[in-house]
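Reading through the structure tokens given below for one structure.
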Amino acid sequence: MLGHDLKLALSLTNLTSRAQRVRVNVSCATILYTRRPVAEILRESQAVRLGPEEEKKIPITISYSQYKEDLTEDKKILLAAMCLVTKGEKLLVEKDITLEDFITIKVLGPAMVGVAVVVEVMVVNPLLEKVEDGMLMVEGSGLLQGQLSIDVPSLEPQERALVQFNITPSKSGLRQLQVDFVSPQFSDIKGFVIIHVATAK
């Protein structure tokens, strides 16, 4: 969950009847949705001894302070673990982690050129601390004239807030409304909705 430390575990099992030594090299990076790395946020290595048919769990912790500056709007982290056995065998384990979204957008009714329609946005405080000075920045070509700024009330940890506002579309067709939840305390949380705008009757 965004705003929290990530606590993971790598499970290693020795399937043989002999003891094994394994070198585990772990790396984590923030990535785009295409899996292209943006910034490395963790790199560590440790040796693990596994007895015959023994299973061990290797804890991996990524603190919020490690990833908060480099997380993109895709909110994705790639964890990779390269396991090297004494005899030269290698095993690569990868896991994509997508952090939970904290903004949802609903259009409460049909959208039509020249007719106001209500938009409802729900935001969640993603942090373990109180968030103040939060704001919604709303924009959408053919949906709004310029950018709309709406203050969000102070939110306790994990508290939700519902915000409603009107838009009056000026152009028909498929239009994208983008809403950013911004605060000095965290990276922008972005959401969008595609709206089908009908021509005026």
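The values are calculated or read from the model by the stated rules, or taken from the named source; none is laboratory data. All of these numbers come straight from a predicted model, not from anything done at the bench. Every residue, glycine among them, receives a Cβ derived from its backbone with ideal geometry; neighbour counts consider all protein chains shown.
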| note | The residue from Lys87, Lys95, Lys130 that alone is more than 30 Å from Ser63 (Cβ to Cβ), loosely packed, with under 15 Cβ neighbours inside 10 Å and either out of contact with any helix residue (DSSP H, G or I) (no Cβ under 6 Å at 6 or more places or on another chain) or not acidic (Asp, Glu) (or both) is Lys87
| Close pairs (6 angstrom Cβ cut-off, 6 or more residues apart or separate chains): aliphatic (A, V, I, L, M) in the range 185-200, buried (at least 17 other Cβ atoms within 10 Å of the Cβ) and part of a loop (DSSP other than H, G, I, E, B) anywhere | Ile189/Phe102; Val197/Pro169
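Conditions tested, residue by residue: (1) over 30 Å from Gly134 (Cβ atoms); (2) out of contact with any Gly (no Cβ under 6 Å at 6 or more places or on another chain); (3) buried (at least 16 other Cβ atoms within 10 Å of the Cβ); (4) aliphatic (A, V, I, L, M).
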| residue | (1), (2), (3), (4) |
| --- | --- |
| Ser11 | yes, yes, no, no |
| Glu44 | yes, yes, no, no |
| Glu53 | yes, yes, no, no |
| Pro59 | yes, yes, no, no |
| Lys106 | no, yes, no, no |
| Ala111 | no, yes, yes, yes |
| field | Residues of the range 1-37 satisfying the condition of being modelled with pLDDT of 90 or more and within 17 Å of Ser65 (Cβ to Cβ) | value | Leu8, Cys28, Ala29, Thr30
| request: Quick one: which strands (runs of 3 or more DSSP E) lie wholly within the range 101-201 and hold at least 3 residues that are among the aliphatic types (A, V, I, L, M) and under 30 Å from Leu6 (Cβ atoms)? | output: 117-124, 134-139, 160-167
| message | Condition (residue is within 31 Å of the chain's Cα centre (by Cα) and in contact (Cβ under 8 Å) with a residue 60 or more places away in the chain) applied to the range 11-23: is it met by at least one residue? | response | yes
